[in-house]
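Data first, discussion second: the structure below is written as structure tokens.
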Amino acid sequence: WGKLDWIAERALRRMPDVQHGSRWKTFAETARADLVEAGGFLVLGAMIAATMNVLVPAKWFGVLGEQIVLGVLVMAVLAVVLALCSEADAFVAASLTAMPLLPKLVFLVVGPAIDVKLFALQTGTFGKSFAMRFAPVTFVVALFCAVVSGVLILGGGA
């Protein structure tokens, strides 16, 4: 439904202003711009991780770490609700030291697949009935793929 010209125009506007033919300057300027943009998300992730570690009692994560099924489900729902970008997800997952690797993997897989902001975007773009069918299927598929991968690679609760 969109026009290719719109995408090309937006991409060209994001290109840095450097001399034509200077590939290394273009590379360096693009890398700098991407680092600055991603840095904001990394700070946000660090802030959320720190807030969770302060506000959520450590024994709650201990309980989730002991009950792997509950930990997997809670981390999957947390990924949907937090609606972070993948850079920030990594900070949050790494900060949850009491959690086994499998729930962390579920968090890292489910978050980018479906979260509240993606659900809102899908509702606005494709309509409510599509989003109400698509989001649960995406959630289940992401959860299933993460658990199967975790069991095969990590050996389960590891």
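Can you pull out the residues in segment 103-158 that are assigned to a loop (DSSP other than H, G, I, E, B) and either at pLDDT below 90 or farther than 21 Å from LEU82 by Cα (or both)? Explain how you work it out, then say what you get.
Step one: filter segment 103-158 for residues assigned to a loop (DSSP other than H, G, I, E, B), giving 114-115, 127, 155-158.
Across segment 103-158, the qualifying residues are ASP115, GLY127, GLY155, GLY156, GLY157, ALA158.
For segment 108-125, name all the residues that are more than 10 Å from the chain's Cα centre (by Cα) and of a type outside the set (Phe, Trp, Tyr). Let's see the steps before the verdict.
Restricting attention to segment 108-125, the residues satisfying the condition of being more than 10 Å from the chain's Cα centre (by Cα) are 116-125.
Result: VAL116, LYS117, LEU118, ALA120, LEU121, GLN122, THR123, GLY124, THR125.
Starting from segment 27-55, keep only residues that are in contact (Cβ under 8 Å) with a residue 12 or more places away in the chain, then list their pairs with residues that are open to solvent by 40 Å² or more (accessible area, probe 1.4 Å) and not hydroxyl-bearing (Ser, Thr, Tyr) whose Cβ atoms are within a distance under 6 Å, requiring at least 6 positions of separation or different chains.
GLU29/VAL18; ALA38/GLU87; PHE41/GLU87; LEU42/GLU87; GLY45/PHE91; ALA46/PHE91; ALA49/PHE91
Could you give me the residue pairs with C-beta distances under 6 Å whose first residue belongs to segment 108-128 and is surrounded by fewer than 18 Cβ atoms within 10 Å (Cβ to Cβ), whose second residue is not in a helix (DSSP H, G or I) wherever it lies, and which are 6+ apart or on separate chains?
From residues that are surrounded by fewer than 18 Cβ atoms within 10 Å (Cβ to Cβ), the pairs are VAL116/ALA83; LYS117/ALA83.
Which residue pairs have Cβ atoms under 9 Å apart, sit 6 or more places apart or on different chains, and have a first residue in segment 79-92 that is more than 11 Å from LYS104 (Cα to Cα) and a second that is of a type in the set (Val, Ile, Thr) and surrounded by 23 or more Cβ atoms within 10 Å (Cβ to Cβ)?
From segment 79-92, the pairs are VAL80/VAL110; VAL80/ILE114; LEU82/VAL92; LEU84/VAL92.
Residue by residue through segment 40-71, note down the ones that are open to solvent by 90 Å² or more (accessible area, probe 1.4 Å) and over 25 Å from THR138 (Cα atoms). Please lay out each step first, then the result.
Within segment 40-71, the first condition is being open to solvent by 90 Å² or more (accessible area, probe 1.4 Å), and the residues that meet it are 43, 47, 54-55, 59-60, 66-67, 69.
Within segment 40-71, VAL43, MET47, VAL54, LEU55, LYS59, TRP60, GLU66 meet the criteria.
Residue by residue, here is whether (1) farther than 23 Å from ALA50 by Cα; (2) among the β-branched types (Val, Ile, Thr); (3) more than 15 Å from the chain's Cα centre (by Cα) holds:
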{"position": "ALA79", "(1), (2), (3)": "no, no, no"}
{"position": "LEU82", "(1), (2), (3)": "no, no, no"}
{"position": "LEU101", "(1), (2), (3)": "no, no, yes"}
{"position": "VAL106", "(1), (2), (3)": "no, yes, no"}
{"position": "GLY127", "(1), (2), (3)": "yes, no, yes"}
{"position": "VAL140", "(1), (2), (3)": "yes, yes, yes"}
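How many of the residues in segment 66-87 are in a helix (DSSP H, G or I) and under 30 Å from GLY39 (Cα atoms)? Please lay out each step first, then the result.
Here is the first cut: in segment 66-87, the ones in a helix (DSSP H, G or I) are 66, 68-82, 86-87.
Going one step further and asking which of them are under 30 Å from GLY39 (Cα atoms), we end up with 71-82, 86-87.
Residues flagged as in a helix (DSSP H, G or I) and under 30 Å from GLY39 (Cα atoms) within segment 66-87 amount to 14.
Restrict the check to segment 72-84 and report whether at least one residue is open to solvent by less than 70 Å² (accessible area, probe 1.4 Å) and more than 16 Å from LEU96 (Cα to Cα).
At the first step, the residues of segment 72-84 found to be open to solvent by less than 70 Å² (accessible area, probe 1.4 Å) are 72, 74-76, 78-80, 82-84.
Filter once more, so that each one left must be more than 16 Å from LEU96 (Cα to Cα): 80, 83.
Yes, because at least one residue in segment 72-84 is open to solvent by less than 70 Å² (accessible area, probe 1.4 Å) and more than 16 Å from LEU96 (Cα to Cα).
Pick from GLU37, GLU29: which is at pLDDT below 80, open to solvent by 30 Å² or more (accessible area, probe 1.4 Å) and part of a helix (DSSP H, G or I)? Before the answer, list the steps.
Numbers: GLU29 fails: at pLDDT below 80.
Among GLU37, GLU29, only GLU37 is at pLDDT below 80, open to solvent by 30 Å² or more (accessible area, probe 1.4 Å) and part of a helix (DSSP H, G or I).
The values are calculated or read from the model by the stated rules, or taken from the named source; none is laboratory data. What you see is a predicted model; the values in this text were computed from it and never measured. As a convention, Cβ positions derive from the backbone with ideal geometry for all residues, glycine included, and neighbour counts pool all protein chains shown. Note: accessible area is taken over every heavy atom of the protein model, side chains too, but ligands, DNA and RNA are not part of it. Shrake-Rupley method; radii C 1.70, N 1.55, O 1.52, S 1.80 Å.
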